[in-house]
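What follows is a single structure, written as C-alpha cells, with notes after it.
The values are calculated or read from the model by the stated rules, or taken from the named source; none is laboratory data. Just so you know, these numbers come straight off a predicted model, no measurement behind them. Cβ placement follows ideal geometry from the backbone for every residue including glycine, while neighbour counts extend to all protein chains displayed.
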C-alpha cells in the first residue's frame, strides 16, 4: 500500500506517540542523508529500541503506511513527519531568564532546525539587560508585553529561578503568550488554552541517579 500524506489531527494523538515521533524523524533523517531509500518498522525498532508494532501503530495515526515487504519510503516518511510535527514552520520564541541556561538555549542553533526561532531574551539583571547573545537582544522584563506584540511571539521559554516560576509564567500569559516551555523544576499552573511543556533537567537527573544506585539500565 502506498504511503499517504498525513491528515491526522494532532490533538487526537496520544502524548506518548507524539513524544516518539521526533525519534523516528531523527533516524529517518540520518538515513536520507546516507541515501537510503526505504526502511522497515523492524529496522527502526532495532535502532531505537521501540517495538515494531508500536512504530507501525504510531505512524498509522498520521495515515503513513508502508509498502508490503518493502517498508516506508524514507524521503516521504521524513517529509510527512516534519510537516505533521510543525517543524517546517518558524515559531518565534523568547527566553525569560537569560542566565546560564537561558543563554545556552539562545546559543543552540539546532533549535532552528526544528522550527524554533528565539528572537529575544528577558531578564531583571542590569548587567545582562542591553547585551546580546549570538545577536539576540536581551531586554528588561518590564518590556515583555510590548516586545511580544512587536516580535509576534507565541512561545515563552522559562529558565528563571524556581521561586519566580509561577509569577513569571502568569506575566507571560497575561502578556499574550500561547505556549510555555518550562525549564524550571517548579510545576507551574496555566489555563487550559495555554500549551505547556515541562522539561525539568533535575527530574531526569533524579531518575538517572536512582537507576545508577540500583544498578538498572
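If you go through region 79-137 and pick out every residue that is assigned to a strand (DSSP E or B) and farther than 30 Å from residue 38 by Cα, you end up with 17.
Kindly establish whether residue 47 is without any contact (Cβ under 8 Å) to a residue 40 or more places away in the chain and in a loop (DSSP other than H, G, I, E, B). The answer is no for residue 47.
When residue 167 is tested against (1) assigned to a helix (DSSP H, G or I); (2) farther than 20 Å from residue 147 by Cα, only condition (2) is not met.
Among the residues of region 50-70, those that are buried (at least 17 other Cβ atoms within 10 Å of the Cβ), in contact with a strand residue (DSSP E or B) (Cβ under 8 Å, 6 or more places away or on another chain) and in a loop (DSSP other than H, G, I, E, B) comprise 64, 66. Of all the listed residues (157, 188), the sole one being surrounded by 12 or more Cβ atoms within 10 Å (Cβ to Cβ), closer than 26 Å to residue 90 by Cβ and at pLDDT 95 or above is 157.
Total residues in region 175-217 satisfying the condition of being touching a residue at least 24 places away in the same chain (Cβ under 8 Å) and over 20 Å from residue 118 (Cα atoms): the figure is 2.
Under the condition of being loosely packed, with under 12 Cβ neighbours inside 10 Å and within 22 Å of the chain's Cα centre (by Cα), which residue from region 1-25 is modelled with the lowest pLDDT? Selected residue: 7. Got at least one residue in region 71-88 being touching a strand residue (DSSP E or B) at 6+ places or on another chain (Cβ under 6 Å), more than 28 Å from residue 179 (Cα to Cα), at pLDDT below 90 and not assigned by TED's automatic domain parsing to the domain that holds residue 180? The answer is yes, given that some residue of region 71-88 is touching a strand residue (DSSP E or B) at 6+ places or on another chain (Cβ under 6 Å), more than 28 Å from residue 179 (Cα to Cα), at pLDDT below 90 and not assigned by TED's automatic domain parsing to the domain that holds residue 180. Restricting attention to region 92-108, does a residue exist that is assigned by TED's automatic domain parsing to the domain that holds residue 125, modelled with pLDDT under 90 and closer than 29 Å to residue 31 by Cα? Within region 92-108, none of the residues are assigned by TED's automatic domain parsing to the domain that holds residue 125, modelled with pLDDT under 90 and closer than 29 Å to residue 31 by Cα. Consider region 191-217 and keep the residues that are in a loop (DSSP other than H, G, I, E, B) and outside the structural domain of residue 95 (by TED's automatic domain parsing). The one that is surrounded by the fewest Cβ atoms within 10 Å (Cβ to Cβ) is 217. Among the residues of region 93-113, the ones that are free of Cβ contacts under 8 Å to residues at least 60 places away in the same chain and surrounded by fewer than 18 Cβ atoms within 10 Å (Cβ to Cβ) come to 9 in all. The condition of being modelled with pLDDT of 95 or more and either exposed (fewer than 14 other Cβ atoms within 10 Å of the Cβ) or within 22 Å of the chain's Cα centre (by Cα) (or both) does not hold for residue 141.
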